[in-house]
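Chemist: The structure's right below; bear with me while I get my questions together.
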Amino acid sequence: MSADDPHTTQIRKGVVELAVLGLVADGPTYGQQLVDELAQRPGLAVPAGTVYPLVSRLLKDGAIASTWQESPVGPPRKYYRLTDAGRAALAAQTEAWRQVRDTLDHILKESR
C-alpha cells in the first residue's frame, strides 16, 4: 500500500494533528521543518498546504504559540512551541490514539 493510497490518506488525516503536536513537543519548530519531518516518516507525508492551515488552527485554539527568530540562512522564521493547552491536547490525543491502536491491533489479530 503506497502513501498515495486512499486508505492511507484517510488514516493519515486522522493523525496528522497528533503528529504535529508531537513534533512541536520536542522543541521549537518552524513550519517547513514540520513539513520536512513529516515527509521523512512513511505514511505521514503531507503537503505544506495541509500543515500550515493545521498550524494556524492550533495557534487559534491556543495549543501552540509562535515567536519569530532569526535564521542562520535567510529571513527570520516563525517558530512554534506547545502551550499548556497544547500539552494537555497532546496527552489526551496520545491516550485516545493508544486506545484505538490497541483495540484495532486486538481485532486484527483475532481476524487472522
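Chemist: Roughly how big is the chain's charge dipole about its Cα centre, with Cβ charges of +1 (Lys, Arg) and -1 (Asp, Glu), in debye to the nearest 20?
Modeler: The dipole of the chain has a size of about 120 debye.
Chemist: Per residue of the chain, what 222 nm ellipticity follows from adding -39500 (n - 2.57) for every DSSP H run with n ≥ 4, rounded to the nearest 500? Please list the in-between numbers first.
Modeler: Working: 4 runs with 70 residues, N = 112.
Per the formula, -21000 deg cm²/dmol.
Chemist: Using the Cα atoms of the stretch 1-57 to build a convex hull, what is its mean projected area in square nanometres? Each step should come with its number before you reach the end.
Modeler: On the way: hull surface 14.8 nm².
Dividing the Cα hull surface by four gives the mean projection, 3.7 nm².
Chemist: If packing is taken as the average number of other Cβ atoms within 10 Å across a peptide's residues, how do 42-49, 72-79 rank, most packed first?
Modeler: 42-49, 72-79
Chemist: Mind listing the long-range amide H neighbours of VAL46? Cut-off is under 5 Å, sequence gap 5 or more, other chains count too, H placed in the peptide plane at 1.01 Å from N.
Modeler: Amide H neighbours of VAL46: ALA39.
Chemist: Sorting check: for 103-111, 7-15, which peptide has the highest mean count of neighbouring beta carbons within 10 Å, and how do the rest follow?
Modeler: Details: 103-111: 8.8, 7-15: 12.7.
Top of the packing list down: 7-15, 103-111.
Chemist: Additional query: Which helices pass in the chain if a helix is a full DSSP H run, must span at least 24 angstrom along its long axis by Cα, and must have mean Kyte-Doolittle hydropathy not below 0.5?
Modeler: Passing helices, by number: 6-25.
Chemist: I'd like the distance separating the alpha-carbon centroids of the stretch 13-56 and the stretch 58-112, in whole Å.
Modeler: Taking the Cα centre of the stretch 58-112 as reference, the centre of the stretch 13-56 is 8 Å away.
The numbers here are math on the coordinates, done by the rules we state, and not lab data. Quick caveat: nothing in here was measured; it's all calculated off a predicted structure. Positions of Cβ are generated from backbone atoms using ideal geometry, with glycine treated the same way; all protein chains shown enter the neighbour counts.
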